[in-house]
Amino acid sequence: MFRFLETLVDPYCDYPHEDRPPTKLWPFLARYLKPFRKVFVATGLITVVVAAIEIWLIAYIGRLVDVLASADRATFWQDHGLEMALVAVFLLLLRPVIQMMDVGLLNNAILPNLGTLIRWRAHSHVLRQSVGWFENDFAGRIANRIMQTPPAAGEAVFQVFDAMAYASAYVIGALILLGDADPRLAIPLFVWLVLYGFLVRWTVKRVTPASQASSDARSKVTGRVVDSYTNIHSVKMFAHTNGEQEYAKDAIENARQTFQREMRIYTLMDVGLTLINGFLIVAVVGWSIWLWTIGAASIGVVAIASSLVLRLNAMTGWIMWALTSFFSNLGIVKEGMETIAQPIELVDHADAVPMVDGEGKIELQGVTHHYGRDIGGLEKIDLTVEAGQKIGLVGRSGAGKSTLVKLLLRFYDTEAGRILVDGQDIAQVTQDSLRARIGMVQQDSSLLHRSVRDNILYGRPDASEDDMLDAARKAEAHDFILDLEDPEGRKGYDAHVGERGVKLSGGQRQRITLARVILKDAPILVLDEATSALDSEVEAEIQQTLYGMMEGKTVIAIAHRLSTISQMDRILVLDGGKIVEDGSHDALLASGGLYAKFWKRQSGGFLNTTEAAE
C-alpha cells in the first residue's frame, strides 16, 4: 500500500519551464501544486468523512446516554445488542481503514513528493540563472531558500488538510448537531465562531510578515556563516576569527529579535484564545443544563453539548496553531520566492538553434557593454580572431579583459553590437551549445567536492575511461592522482578532493582542471590568468602543458605575466574598454607604446596594472 501511495505523484514529471514565474504567492504555488490536484480532492473528501465520523461519535454518545437512562438492564443486550455489535465493528475495522487512507494520502502521497517536487523545480530554475545573477547574492542564502521553502510549503498543505479542512467540517457538523438537539444551543457557538474569526484575522495579519521577516533573517545568518566557512583560509590567514564572529553575531542578533517579535504574536493569540474558549464552555454547557432543568433537553443533549465544547476547546488551540503555522509557512515561502521566483533574464532566443561545428573563428562587431553603468566594461570593440589564431590580452585592472571573455561565453548579453563564432551570432544559438565549443582555464582552479574522476569527466561526461586517463596523462596529473587517498579511504581517481579542491595543492588542482579541459577538446581555448597563482617551477611545467593544449585551437589568453603570452600570434592591449594596440610582441615593443611601457615596468615578469600610463 505504501508503494501505491508514494507513486501517486511523480515529483520529477515533465513540466513547462518558465523564464518568468509568477511573482504572486497563490499563482506561484498553483504551478507547483498542479500535479497534486486529484490527490488533494481525494484527501479533502476523506478528511471531511473523518470529521463527520468524529461528530457522529459525539452524537452517538448522547444517544447512548439517553438509551442507558431509559433502558431495562435485564433486556439491554437483547434489545440493543445488534446495534452495539455493529458500532463496535465499525470502530474496530472500518474507522481505522478510513483513518489510514486519510493519513496515508497526507504522509505518504503528498508530503514527501511535494517537498521533492518544489526543491527539484526550484533548483532547476536557479541553475538556469546567469553567472551575473549568482554574483549578486550569497550562495548560502540561495541554498537556504532552496532548502527551507519546500518543507514550508509542505507544512502549509499539511495544515490545510490535517487541521483546517478537518476543523471546518467539524465546526459545521457541531452547529448542525447542536441545532438539531436544540436550535438555541447553536447561538453561543455561532457567537464564539465570530470572536474566533476576529482573533484569527488579527493573528494572521501580523504573523505572515513577522514570519517572512524571521525567515529572511535566518537566510542572512546562513549566508554570512557559509561565507565565512567558504573563505576559511582567508579568515585564518588574516586572523579574523573574532571579526567573523562579530559579523555573524550582527545577523544572529537580528534573527533573534525578529523571532522574538513573532513569538509575542503567538503569546497574545494564546491568551485571547483561552478567554473566548472559556466563554464557549460556560455559554453552551450552562445553557444546555438550564434547558435540562426546564425540561427542554434530555441528559443526552447535555452530554452532546458538553462533549462538543470540550472537544472544541481542545481543538481550538491546535487549529489556531495550525492556522498561524499555515500563514507562517506561507511567509517562509514568500521569502523563498525572492530567489526561486526571480525571472531568468539571460535566456536562449525563441528560435535558438544548436551551434554548428566550425574551426573557431571569432568576430566582435561594435561590442559595447558597461554592466548597466557609465564606466567599466567595453566600448565599441571591433575584433576578428581567425580560426587557430592565438591572441594575448593585456591591460590594467578594469580595462575590459574579463568582460570580453564573459561576453564571449555569453555570461552576459552585449548592450550593443554582436559576437559571431564561425559566422553564427552567439545570441541566436543555445547557450549550452556555445559553451560546449569553448574550453576555459581560470586562475581560480576550484573543483567540485567529488571524486577526481567526476571532476575530469565534467569536461565530457560521456567520455570513456581510457579517454579520461589519457587526458590526465597529457595534463601530467596521472601519477600524483594514483597516490591520492581521502579520509574515507577512497584512493586514486575515486578519491574526493574536498570543497573547491582544498585537499590538493594549487598545482594539483590546476592539472586536474587542465585534464578536464583537455578532455573537453573544444576548438576555442580561453586562458584567464591560468598560471599566475602558481609558483615559478610549477608554472613552468604547466605552461608546457598549456602550449600542447593550444595546438590547432583558437586561443584567447589573459595574462599579467607578459612572458607567458609573448609567443602569441597577436597581442591586444586594452585600455578604458578599447583596443589601443594590436600586434606581435616584437612589433609592440618596437612601437614604444603602452605594451612596451608595461614590459619595461614588469617586476619578475608581472604587469603593474595599477600604474598610470604616461
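Some points to look at:
- Close pairs from the range 286-315: first touching a residue at least 40 places away in the same chain (Cβ under 8 Å), partner of a type in the set (Lys, Arg) and surrounded by fewer than 20 Cβ atoms within 10 Å (Cβ to Cβ), Cβ under 7 Å, at least 6 apart: TRP287/ARG184; GLY300/ARG63
- Inside the range 287-310, residues that are within 54 Å of the chain's Cα centre (by Cα) and farther than 17 Å from GLY179 by Cβ make up a count of 1.
- Residue match in the range 190-206 (condition: of a type in the set (A, V, I, L, M), open to solvent by less than 20 Å² (accessible area, probe 1.4 Å) and either touching a helix residue (DSSP H, G or I) at 6+ places or on another chain (Cβ under 9 Å) or closer than 30 Å to TRP292 by Cα (or both)): no
- Entirely in the range 545-589, the strands (runs of 3 or more DSSP E) that have 2 or more residues that are modelled with pLDDT of 90 or more, at negative phi and open to solvent by 20 Å² or more (accessible area, probe 1.4 Å): 570-575, 578-583
- Among the candidates ASP466, ASP432, ASP462, ASP483, the residue that is over 30 Å from LYS361 (Cα atoms), out of contact with any Lys or Arg (no Cβ under 9 Å at 6 or more places or on another chain) and open to solvent by 10 Å² or more (accessible area, probe 1.4 Å) is uniquely ASP466.
- Residue within the range 56-79 that is under 21 Å from LEU33 (Cβ atoms) and either touching a strand residue (DSSP E or B) at 6+ places or on another chain (Cβ under 7 Å) or touching a residue at least 12 places away in the same chain (Cβ under 8 Å) (or both) present: no
Residue by residue, here is whether (1) closer than 18 Å to THR43 by Cβ; (2) modelled with pLDDT of 80 or more holds:
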site	(1), (2)
LEU114	yes, yes
VAL126	no, yes
GLN129	no, yes
PHE138	no, no
ARG141	no, yes
PRO150	no, yes
GLU155	yes, yes
ALA163	yes, no
VAL171	no, no
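- No other residue among THR258, THR293 is among the hydroxyl-bearing types (Ser, Thr, Tyr), open to solvent by less than 70 Å² (accessible area, probe 1.4 Å) and out of contact with any Leu (no Cβ under 8 Å at 6 or more places or on another chain) apart from THR258.
- Entirely in the range 317-423, the strands (runs of 3 or more DSSP E) that have 1 or more residues that are open to solvent by 50 Å² or more (accessible area, probe 1.4 Å): 362-369, 378-385, 416-421
- Residue pairs meeting the criteria (Cβ under 8 Å; at least 6 apart or on separate chains; first open to solvent by 50 Å² or more (accessible area, probe 1.4 Å), in the range 18-30; second in a loop (DSSP other than H, G, I, E, B) and among the small types (Gly, Ala, Ser)): THR23/ALA341
- Any chance ALA248 is open to solvent by less than 80 Å² (accessible area, probe 1.4 Å), in a helix (DSSP H, G or I), among the small types (Gly, Ala, Ser) and closer than 24 Å to HIS449 by Cβ: yes
- Selection of the range 117-138 for residues being touching a Phe, Trp or Tyr at 6+ places or on another chain (Cβ under 8 Å) and either farther than 26 Å from ASP10 by Cβ or not charged (D, E, K, R) (or both) yields LEU117, ILE118, TRP120, SER130, VAL131, GLY132.
- Exclusive hit being within 30 Å of TYR196 (Cβ to Cβ) and exposed (fewer than 15 other Cβ atoms within 10 Å of the Cβ), set THR241, THR267: THR267
- The range 499-519, subset of a type in the set (Val, Ile, Thr) and farther than 19 Å from ASN231 by Cβ, residue farthest from the chain's Cα centre (by Cα): ILE518
- One residue from ASP14, ASP10 being farther than 22 Å from ASP102 by Cβ, touching a residue at least 24 places away in the same chain (Cβ under 8 Å) and not aromatic (Phe, Trp, Tyr): ASP10
- Residue that is modelled with the highest pLDDT [pool: residues in the range 432-460 that are in a loop (DSSP other than H, G, I, E, B) and among the aliphatic types (A, V, I, L, M)]: ALA436
- Subset tally (residues that are of a type outside the set (Asp, Glu) and within 15 Å of THR208 (Cα to Cα)) for the range 248-267: 8
- Residues in the range 58-83 that are open to solvent by less than 40 Å² (accessible area, probe 1.4 Å) and aliphatic (A, V, I, L, M) were compared, and the one that is modelled with the highest pLDDT is VAL67.
- Of the residues making up the range 501-523, those that are over 15 Å from ARG453 (Cα atoms) and assigned to a helix (DSSP H, G or I) are GLY506, GLY507.
- Criterion violated by ALA463 - all others in (1) outside any loop (DSSP other than H, G, I, E, B); (2) of a type in the set (Gly, Ala, Ser); (3) at pLDDT 90 or above satisfied: (1)
The values are calculated or read from the model by the stated rules, or taken from the named source; none is laboratory data. Not measured: the values here are computed from a predicted model. Heads up, the Cβs are rebuilt from the backbone with ideal geometry, glycines too, and the neighbour counts pull from every protein chain shown. Protein only, heavy atoms only, side chains kept; ligands, DNA and RNA dropped before computing areas. Shrake-Rupley method; radii C 1.70, N 1.55, O 1.52, S 1.80 Å.
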